[in-house]
Amino acid sequence: MMARFRSAVLPPLFCVPVAALLLLAGDALPQKSPEETVQSFKVAPGLKATLWASEPGMVNPTNMDIDERGRIWVTEAANYRGSKLRPEGDRIMILEDTDQDGVCDSYKVFVQDKALFAPLGICKLGNKLYVSQSPNVWVYTIDESGDKPVGKPEVIFTGFGGNNHDHGVHAFVFGPDGRYYFNMGNEGYNGFIKYPDGTPVTDSFGSEIGRQSTTYRGKPKTRDNLGFPDGMAFRWDPAAKKFDVLGHNFRNNYELALDSFGTVWQSDNDDDGNEGVRINYVMEGGNFGFKGPRGTDWGRDRELIPGQTRQEAHWHQRWPGVVPNMLHTGGGSPTGICVYEGELLPEPFRGALLHCDAGPNVVRAYFPSPATDGPKGLMYSEEEKKRTATPGTEGAGYKAQYVELIKATDSWFRPADLCVAPDGSVFVADWYDPGVGGHATGDKNPARLRGRIYRLAPQGFRPSQPKQLDLDSVQGQIAALCSPNMATRYLGYTKLSAGGDGAAAALADLFKNGKNPRLRARALWLLAQSPKGRDVISTALKDSNPDLRITAIRAARRTGGDVVAIAKEMANDSSIAVARELCLALNYEPTEKALPVLVTLADRYDGKDRWYLEAIGIGATGRENEFLEAWKRDGKNKDPKVAELIAWRMKKPSPGTAQAPTTPGSAAEAAAPVGIQRSKDGRTLPPPSELARLTGDATRGAAVFRNTTGANCIACHQIGEEGRMVGPPLSTVGQKLSKEQLYSAILYPNEAILMGYETWVVRTKSGEVFAGLKTSDTPDQVTIKDTNGKYHDVYTEDVDRKVMQKVSLMPDNLSGTMTMKELVDLVEYLSTLRNKA
């Protein structure tokens, strides 16, 4: 997400003086003061956003966490991609409002280190600070002052791909079960994840993690057994030395969140311009469909199923073996996410997912509810509004309605993260920049860097000093466990898990008599680990609240309970969501024990619930054929539609046959970089910063875009469904990029190449050459999509070399195909392309 285009600097040779441009157009990229930005906010009714911290004390926040004292810990990124604005290294900051007047007055540097280069994750738990920055996850020990580290950080994990890249490893989150949760984007996959001693990380099934790994579920990876591709979500239990992949095949799942029941949620960024940003319930064990089953590109696979929406195609939603999405939110740059379980915000927000989307300058709240099918198009369409607004039967998955918590008219507002404080207020970190996308920084002058943090709370809220924690008494520990703030909950959890009879009695009282099911769930997780844990789980499995029954199933799994026996007992539970959870749990059980119960659970499939069908499939992972035979033999549901769909899921047929490897062609010649840019009418162009001050005609610009004898943009770019998908779609480019960044992208395409659109050259052992986009790279073959949109598959054994070039497929001399007026009109048109909301 934290990607911004660089602007090229050229001598001001254009004949119109800069002063005249200023008079004509004004400031094209107006920065607003922090106070003006707040004034630009439209805030949800009943709530108020106030400025809490800003530059120069803190800049470019990528991630943050709030500790039990209400202090905010922030990772900064003054250094990012090609911009090195702090040679001494990036910083981790501690921010505090010491006089409780509602504004930060203390900016402390916890650490500044040359090894810190745009870290993307931070999590403060007790005296430990977990920092995520590919290739590593580090943990700092905090000294007794609470403000400084004790020596150098310790490496927990290493080997993540995505060094200096926002698709790498992301933040840790502490779960209600005492485990640590985190995720990585698809660049993180381009590595081999290991412990610091060099031992490969393996999950519960014996699967290694990363593109360079060699085993999946204890067997060698093959063409039909690719392992876990692309972005992933993880759970780690250091005490039991257990590591689990919760979901895979994401693109850039920037951060995850989980609620007190142990349900994991996250967002995922689409290939820019495709209006496919999604919100996911991370169904454990699921494939989330960014790439096809053999690593194929979604744009190529889209052609195999006519009639899909772009969002369905983007995530292979009509393919067997892919978990449905909960919501499609259009174009954007999704970032931080959390579950609000406090009581300060009005009742509708309690239990909501709170989420930042930097692209459309918005912070939203999502309200999940049961669903049997996933969305087809955008949540903004009338069809989708009706679907989410109409109550339906209970399903095994989720849909979601939403509200905008903060929507800014200041287009520089780029919310990067949000967290809940001990008092229940919500803090939002603002990267503050003219654009996102492009993997480069917009501000080159360290003095211009910005960054803000805002507090969101009810109207009339007055900040106060956080209450002193009483962690020496059981009552104080319970109070900490019930906090809306994760760092505070961690302290309560840790004390109570080590407590004796007094702690157990207090937890039992909270579980039995508590009114809030989320707090009851927190107690249940701890009680499940006690000497009487089996009895507590047995009681919880009979609770009237299905979320608590689901929590009990999950707790039984974490504590070594007899999950098969539980599944037999609960196979006919009234909640299909409980049945879903039983199917997922059976994925971890031996085949001979799991399949008979899974057959019984499969009998509950109604032929409609797409989520439940996928849960059955996850339960049968690696033994689909055995399950299908057992179900045909012993299943009681004889509905032919059910039989057809279960067979479809287990056999996972491809919707069509992908193009077979072809005879290699010739590589396109890469144009040499150019310096000074001149238009078709011979005029020397000023730098993008000056061009951005001009105003063009968007209607004429649309014609320039479609002119096949001029720039011929339509030959490589799509707007809506018009054009070709060689370069990035441009349907919402005006939302993510400022005019200056659009000029930079057109005139200097090699300065900041969008991820996934780098030029690759593949040479075969016979001397034949391809050049274009690398759309897939599996152990068996590499696929190159050339500038004509044609796919070329080359078997791995035939590859001599494959090299990523530092030049874009987009030609450098586009300015020579247009007059200056046409160029200005084109950028004016592109700047109008925004989300449909």
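The values are calculated or read from the model by the stated rules, or taken from the named source; none is laboratory data. In this text the structure is predicted, and so the values were computed from the model without any measurement. Here the Cβ is made from the backbone with ideal geometry for all residues, glycine too, and neighbour counts use every protein chain on show. Areas reflect the complete protein model, heavy atoms only, side chains present, ligands, DNA and RNA absent. Shrake-Rupley method; radii C 1.70, N 1.55, O 1.52, S 1.80 Å.
The longest stretch of the chain left intact once loop-based GluC sites (Glu not before Pro) with at most 13 other Cβ atoms within 10 Å are removed from consideration, loops following DSSP, is 344-668. Legend: distances between Cα atoms for Lys124/Lys152; Lys84/Lys774; Lys128/Lys242; pairs beyond 27 Å are Lys84/Lys774.
Derived scalar couplings between HN and Hα for the range 289-298 equal x, 5, 9, x, x, 10, x, 6, 6, 5 Hz in order, rounded to whole Hz, by the Karplus curve 6.51 cos²θ - 1.76 cosθ + 1.60 (θ = phi - 60°), x for Gly and Pro. No solvent, one uniform scatterer per C-alpha: report log10 I(q)/I(0) for the range 202-273 via the Debye equation at q = 0.28 1/Å, two decimals. With no solvent term, the Cα-only Debye profile gives -1.25.
Modelled spin labels at Lys632 and Ile714, positioned 7 Å past Cα toward Cβ, are 5.1 nm from each other. The dipole here belongs to the chain: it is taken about the Cα centre, uses +1 on the Cβ of Lys and Arg and -1 on the Cβ of Asp and Glu, and is about 800 debye.
Compactness of the range 165-288 was expressed as the Cα radius of gyration divided by 2.2 N^0.38 Å, which yields 1.02. Taking all Cα pairs closer than 8 Å and separated by 6 or more residues, the relative contact order of the range 402-558 comes to 13 percent. Between Trp648 and Asn707, residue separation times 0.36 nm minus the direct Cα-Cα distance comes to 16.7 nm. Shown here is the pair-distance distribution of the range 489-633: with all Cα-Cα distances grouped in 10 Å bins from zero up to the longest one, the shares run 12, 39, 28, 16, 5, 0 percent. To make sure I understand the rule: partners must be lysines, Cα under 19 Å from the Cα of Lys680, and not fewer than 8 residues away in the same chain. Which ones qualify? Once the sequence-local lysines are set aside, what remains near Lys680 is Lys821. In angstrom, the C-alpha Rg and Dmax of the range 201-355 are 16.7, 52. Using Cα-only point scatterers and the Debye equation, what is log10 of I(q)/I(0) for the range 127-217 at each q in 0.13, 0.21 Å⁻¹, rounded to two decimals? These q points yield log10 I(q)/I(0) values of -0.47, -1.06. Any idea what diffusion coefficient the chain gets from Stokes-Einstein, in µm²/s, Kirkwood Rh on alpha carbon pairs, 37 °C, 0.692 mPa s? The estimated diffusion coefficient comes to 118 µm²/s.
Using R₀ = 30 Å, calculate the FRET efficiency as 1/(1 + (r/R₀)^6) where r is the Cβ-Cβ separation of Asp509 and Lys467; round to 0.05. The pair Asp509/Lys467 has a calculated efficiency of 0.90. Per-residue Karplus couplings for the range 117-132, computed as 6.51 cos²θ - 1.76 cosθ + 1.60 with θ equal to phi - 60°, are listed in order as 9, 6, x, 10, x, 8, 8, 9, 10, x, 9, 10, 10, 9, 10, 10 Hz, Gly and Pro entered as x. Across the range 92-160, the fraction of Cα-Cα pairs farther apart than 15 Å, rounded to a whole number, is 57%. A crude spin-label estimate for the pair Glu88 and Glu624, with each label 7 Å from Cα along the Cβ direction, gives 5.7 nm.
Split the accessible area of the range 682-837 by element, probe 1.4 Å, and carbon with sulfur accounts for 51%.
Residue order by solvent-accessible surface for Asp357, Asp777, Asp197 is Asp197, Asp777, Asp357, largest first, with ligands and nucleic acids left out and a 1.4 Å probe.
When only Cα pairs below 8 angstrom with a gap of at least 6 residues are kept, the chain shows a relative contact order of 13 percent. Are any of the pairs Lys542/Lys568; Lys593/Lys636; Lys42/Lys376; Lys785/Lys806 more than 23 Å apart by Cα-Cα distance, and if so, which? As for pairs spanning more than 23 Å Cα to Cα, those are Lys42/Lys376.
Averaged per residue, the chain has 37 square angstrom of accessible surface, using a 1.4 angstrom probe with ligands and nucleic acids left out. For the range 455-514, the direction-averaged projected area of the alpha-carbon convex hull comes to 5.1 nm². Shown is the FRET efficiency for Thr222 and Lys568, computed with R0 = 45 Å from the Cβ-Cβ distance and rounded to the nearest 0.05: 0.85.
Couplings 3J(HN,Hα) of the range 184-194, computed from phi: 9, x, 5, 6, x, 5, 7, x, 8, 7, 9 Hz, in residue order, whole Hz [Karplus 6.51 cos²θ - 1.76 cosθ + 1.60, θ = phi - 60°; x for Gly and Pro].
Screening the chain for whole DSSP H helices with an alpha carbon extent of at least 27 angstrom along the helix axis and a mean Kyte-Doolittle hydropathy of at least 0.5 yields nothing.
The order of Lys765, Lys291 by accessible area, most exposed first and with a 1.4 Å probe, is Lys765, Lys291.
For the range 255-367, the residue among Asn274, Thr296, Ala365 whose Cα projects farthest onto the positive side of the dipole built from Cβ charges is Thr296.
Counting only DSSP beta bridges whose two residues both lie in the chain, roughly 100 percent are antiparallel. Extension gain for the segment Glu55 to Thr796, taken as residue separation times 0.36 nm less the Cα-Cα distance, is 261.7 nm to one decimal.
What the Cα atoms of the range 504-576 give is an Rg and a Dmax of 11.4, 33 Å.
Note on the range 87-238: Rg/Rh from Cα positions, Kirkwood definition for Rh, rounded to two decimals, is 1.04.
Taking 0.36 nm per residue of separation and subtracting the Cα-Cα distance, full extension of the segment from Asp681 to Lys42 would add 225.6 nm.
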